[in-house]
Number of protein chains: 2
Amino acid sequence: MAGGVKVYGVAASPFVATVLVCLEEAGADYELVAVDMAARENRSQHHLARNPFGKIPAFEDGELTLFESRAISRYVLRKYSRMDLLGEEGDGDLEGSAMADVWAEVEAHQYSPAISNIVRECVIKQMIGAGGRNQAVVDENVERLGKVLDAYEQRLSESEYLAGRLVTVADLSHFGFTWFLMATEYASLVESRANVKAWWERLLARPAVKKVAALMPGGVTTG
Amino acid sequence: MAGGVKVYGVAASPFVATVLVCLEEAGADYELVAVDMAARENRSQHHLARNPFGKIPAFEDGELTLFESRAISRYVLRKYSRMDLLGEEGDGDLEGSAMADVWAEVEAHQYSPAISNIVRECVIKQMIGAGGRNQAVVDENVERLGKVLDAYEQRLSESEYLAGRLVTVADLSHFGFTWFLMATEYASLVESRANVKAWWERLLARPAVKKVAALMPGGVTTG
């Protein structure tokens, strides 16, 4: 597959997982090239040439090199003509694409900042042997995520998906971190909200999501 | 202008300022509707109906209501057919739009998290009477922003703008916070890097940017 689509990273990264879900939704052929974070391979000159900030995922499609998971996801969906997953019901559907953009930004700036702290403290730290859980950080972010999910519960009482009646990248981008949250005692944040719970179950039922979930750690919690 | 394009917020918000720059670049007619943050008008039912997270800006175009500044900006540029500012040199230019997306994400996830802390401590707190500067927070984020700007300096040695040879929303979205930074002693972070400094001066020379800058506070620093 030299010269084809390559994703540099590991499926256990929530950011990589979202890119993989988009590739699977698009039916793309791709290769996942492991980056050994423990050996700081992400700080190697090879990887820094792909992403000057040393993060994963990085992405190649022939001569084109990209980074930042949300930018990669949009490129993949455009390339494989899955404009529906970018919110467009028809050519140049400005309102549909705007609503997908709005809720993708909500994921980036409201949801992820809260859930990522919970997942780091309760799951990732143990996975990579980085010490114990800081419960104060967890508690603060559980409260913060609860308020965000209250707005989601309202939104999802009005439409099946965040951007409207179509599933879009705005929904799919929640997969990685939520997958790990659901393996902790804070799964109740999702399970206690009927519309959020039904939305999460609809996402989990998608073949593309199932395929990527099978690549991810089952999730372990620290006590 | 009832039913036209309305931006809810104040130009002094860096997030509102970016939306205004995009509207000015697009040559759009719009109305800026003040939201009194000191009176917590952003938490009013009226405003929460526009943005359930109670932030500014919110945006209306006739019946369509949007929030999240980066989503609003993209909608505006699409509506007024400024696809060049979204990175597209020609119809469906996948590579161009991908590069604009990548650097817009860098702004959101690398640049803003650092610069926003500096601007809050050195400018915003004094502007709204929210207490003194926390110098430890400033110092940490000056170091962080410096590393980010080292990557920008390299990138801007290869191309005139972040996404390539075209100015895009990825550049314009830096305006609000950088405007305030340049009024502090940390302007040297920009001025000490020749390519970053030249890029900032090119942005400031744009008529759309000049027009919005005239609406913003001159910037004051706390000692």
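The values are calculated or read from the model by the stated rules, or taken from the named source; none is laboratory data. It should be emphasised that the depicted structure is a prediction, and the values quoted were computed from it without experimental measurement. Cβ placement follows ideal geometry from the backbone for every residue including glycine, while neighbour counts extend to all protein chains displayed.
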So B:K147, is it free of Cβ contacts under 8 Å to residues at least 12 places away in the same chain, under 24 Å from A:H109 (Cβ atoms) and either in the same structural domain as B:L32 (by TED's automatic domain parsing) or in a helix (DSSP H, G or I) (or both): yes
Could you identify the single residue in A:E25, A:E68 that is within 14 Å of the chain's Cα centre (by Cα) and on the phi > 0 side of the Ramachandran plot? A:E68
Only listed residue being farther than 16 Å from B:Y75 by Cβ, in contact with a strand residue (DSSP E or B) (Cβ under 9 Å, 6 or more places away or on another chain) and not hydroxyl-bearing (S, T, Y), chosen from A:L48, A:L66: A:L66
Scanning the stretch A:58-80 residue by residue, those surrounded by fewer than 21 Cβ atoms within 10 Å (Cβ to Cβ) and either of a type in the set (V, I, T) or in a helix (DSSP H, G or I) (or both) turn out to be A:T65, A:R78, A:K79
Do you know which of the residues in the stretch A:40-55 that are more than 13 Å from chain B (Cβ to nearest Cβ) and in a loop (DSSP other than H, G, I, E, B) is surrounded by the most Cβ atoms within 10 Å (Cβ to Cβ)? A:S44
Consider A:A170 carefully, then state whether it is assigned to a helix (DSSP H, G or I), under 23 Å from A:R74 (Cβ atoms) and touching a residue at least 60 places away in the same chain (Cβ under 8 Å). yes
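Conditions tested, residue by residue: (1) in contact with a strand residue (DSSP E or B) (Cβ under 9 Å, 6 or more places away or on another chain); (2) among the hydrophobic types (A, V, I, L, M, F, W, C).
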position	(1), (2)
B:A104	no, yes
B:K125	no, no
B:G132	no, no
B:D139	no, no
B:T168	yes, no
B:S173	no, no
B:W199	yes, yes
B:P207	no, no
In this structure, does B:A183 turn out to be among the small types (G, A, S) and in a loop (DSSP other than H, G, I, E, B)? yes
Just one of the numbered conditions (1) within 15 Å of the chain's Cα centre (by Cα); (2) among the aliphatic types (A, V, I, L, M); (3) away from chain A (no Cβ under 14 Å) is not true of B:A58; which one? (3)
List the pairs whose first member sits in the stretch A:180-194 and is in the same structural domain as A:S116 (by TED's automatic domain parsing), whose second member is among the charged types (D, E, K, R), and whose Cβ atoms are under 9 Å apart, counting only residues at least 6 apart or on separate chains? A:M182/A:E191; A:V190/A:K197; A:E191/A:K197; A:R193/A:D150; A:R193/A:E153; A:A194/A:E153
Those residues that are at the interface with another protein chain (Cβ under 10 Å from one of its Cβ atoms) and not in a loop (DSSP other than H, G, I, E, B), I need them from the stretch B:81-97; list them, please. B:L94, B:E95, B:S97
Flag for B:V35 being surrounded by 20 or more Cβ atoms within 10 Å (Cβ to Cβ), away from every other protein chain (no Cβ under 12 Å), out of contact with any Cys (no Cβ under 8 Å at 6 or more places or on another chain) and not in a loop (DSSP other than H, G, I, E, B): no
Contact list please: Cβ distance under 7 Å, first residue in the stretch A:64-86 and in contact (Cβ under 8 Å) with a residue 12 or more places away in the chain, second residue in a helix (DSSP H, G or I) and of a type in the set (S, T, Y), pairs at least six apart or on different chains. A:S69/A:T18; A:S73/A:T18; A:L86/A:S97
Just to be sure I understand, how many residues within the stretch A:115-154 are among the polar types (S, T, N, Q) and crowded, with 16+ Cβ neighbours inside 10 Å? 4
Please find, within the stretch A:112-144, the residue that is nearest to B:N51 (Cα to Cα) out of those that are in contact with a Phe, Trp or Tyr (Cβ under 8 Å, 6 or more places away or on another chain) and within 14 Å of chain B (Cβ to nearest Cβ). A:S112
Does B:A130 satisfy being small (G, A, S), in the same structural domain as B:T178 (by TED's automatic domain parsing) and assigned to a helix (DSSP H, G or I)? no
Inter-residue pairs, beta-carbon under 7 Å, first within 18 Å of A:A38 (Cα to Cα) and among the hydrophobic types (A, V, I, L, M, F, W, C) and in the stretch A:119-136, second at pLDDT below 85 and surrounded by fewer than 17 Cβ atoms within 10 Å (Cβ to Cβ), 6+ apart: A:V123/A:V220; A:V123/A:T221; A:M127/A:P217; A:M127/A:V220
